[in-house]
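The next block holds one structure in the form of structure tokens; read it before the comments.
Any read-out appearing in this document is the output of simple, stated calculations on the displayed coordinates, not a laboratory observation. In this text the structure is predicted, and so the values were computed from the model without any measurement. All Cβ positions, even for glycine, are placed from backbone atoms using ideal geometry, and neighbour counts span all protein chains on display.
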Amino acid sequence: MKFAIQSKGDITSNDIKNQIMSYLLGFELTLDEEEPDIVISVGGDGTLLHAFHRYINRLEHTTFVGVHTGHLGFYADWTPDEVEKLVIHIAKTPFQVVEYPLLEVSIQLNDEDEERHYLALNECTVKSSEGSLVMDVTIKGDHFETFRGDGLCISTPTGSTAYNKALSGAIIHPSLASIQLAEMASINNRVYRTVGSPLVLPQHHTCMLKPVNDVNFDITIDHLSIIHKGVKSIHCRVAEEKVRFARYRPFPFWVRVRESFIGD
Ligand code: NAD
């Protein structure tokens, strides 16, 4: 089996990376940073997001597993104390693969024929480069509302515990292939009106955002932030691609939610 290790880059994470590497090489696994079968991320959820985007072109062939060197992460759920156990699992036991839904974002610019396609593991956020965001929101082909406010966040189920949660979005179990649209500080008064609640859309229900005035936007895809000029439309849907995580032990989603947000 070919492996790669992505470290957060701090001393603790680098030490653990080196420890994992020497164990795995000792078990005669092959280090292959270009075409790994398994990617071990050492750091936090942010490190796993970096690893995901690094290997985004080979999601079908790569599985991820995360060790956290800070607080318990959603994607990084192995502790440094468990590294030896994890390494033995990786080297000796066939792992179970769990697949989670991703968000596909297609951005059409005014001066380009081809759409730009992105995949997000957590979410896409859209904010205006200047002032309030004003967007016509179309759901499954029907105009739904004209949004005015700070921005919109479209998240995956596993991303529902990240930025989306801070926007009072619902926590969605990752077995539900869906995306969630959450508002950031919408303007609601006698003139402007939005639904005010997060919306959960199933697979095949697309959400399209069309700028009303402004055409320049700050768009984030997970940790990546890209200014897009001359935006015609932004199309969001559940992606056909999925992310694959290696599971060596059960860690039910709701237990993870409780341990991350409520404690023992
Ligand atoms: P970061 O390192 O500052 O991460 C922010 C926090 O988000 C970390 O504590 C991380 O553990 C947590 N996080 C990431 N993914 C998560 C998930 N799926 N479930 C629960 N917690 C999760 O920033 P970064 O490394 O650049 O990560 C980018 C992510 O930060 C974005 O995808 C976004 O979800 C999140 N973020 C959150 C807020 C907010 O909560 N107000 C604002 C901006 C970005």
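Cα centroid separation, region 1-41 to region 212-264: 25 Å.
If you take the square roots of the eigenvalues of the alpha-carbon gyration tensor of the chain and sort them as a ≥ b ≥ c, do you get rounded (a/c under 1.5), prolate (a/b over b/c) or oblate? Walk me through the intermediate numbers first.
Values: a/c = 2.34, a/b = 1.94, b/c = 1.21.
Taking the square roots of the gyration eigenvalues as a ≥ b ≥ c, the chain is prolate.
Relative contact order for region 102-240 using alpha-carbon pairs under 8 Å, separation at least 6, rounded to a whole percent?
On the way: 361 pairs, mean separation 44.8, N = 139.
Relative CO of region 102-240 lands at 32 percent.
Dipole magnitude for region 161-264: about 180 debye, using +1 per Lys or Arg Cβ and -1 per Asp or Glu Cβ, origin at the Cα centre. Along its principal axes, region 73-151 has C-alpha extents of 53, 28, 25 angstrom, given from the largest down. Along the charge dipole of the chain, pointing to its positive end and built from +1/-1 on Cβ of Lys, Arg, Asp and Glu, which listed residue (Val195, Pro250, Thr93) has its Cα farthest out? Comparing the listed Cα positions along the dipole, Val195 ranks first. With contributions of -39500 (n - 2.57) from each DSSP H run of at least four residues, the per-residue ellipticity at 222 nm computed over the chain stands at -5500 deg cm²/dmol. In the chain, a dipole from Cβ-located charges (positive for Lys and Arg, negative for Asp and Glu) runs towards its positive end, and of Leu121, Thr156, Gly46 it is Thr156 whose Cα lies farthest in that direction.
Taking a straight Cα-Cα cut-off under 17 Å and skipping sequence neighbours fewer than 8 places away in the same chain, the aspartates and glutamates within cross-link reach of Lys85 are Asp15, Glu28, Asp77.
Its Cα centre serving as origin, the chain has a Cβ charge dipole (Lys and Arg +1, Asp and Glu -1) of approximately 700 debye. Each Lys and Arg adds +1 at its Cβ and each Asp and Glu adds -1 at its Cβ; summed about the Cα centre, region 102-240 shows a dipole of about 500 debye.
Beyond 25 Å between alpha-carbons counts as too far, so tell me which of Lys2/Lys242; Lys2/Lys165; Lys127/Lys232 fall in that bin. Don't skip to the end; give the middle numbers.
Working: Lys2/Lys242 20 Å; Lys2/Lys165 36 Å; Lys127/Lys232 15 Å.
In this structure, Lys2/Lys165 exceed 25 Å between Cα atoms.
The antiparallel fraction among DSSP beta bridges confined to the chain stands at about 80%.
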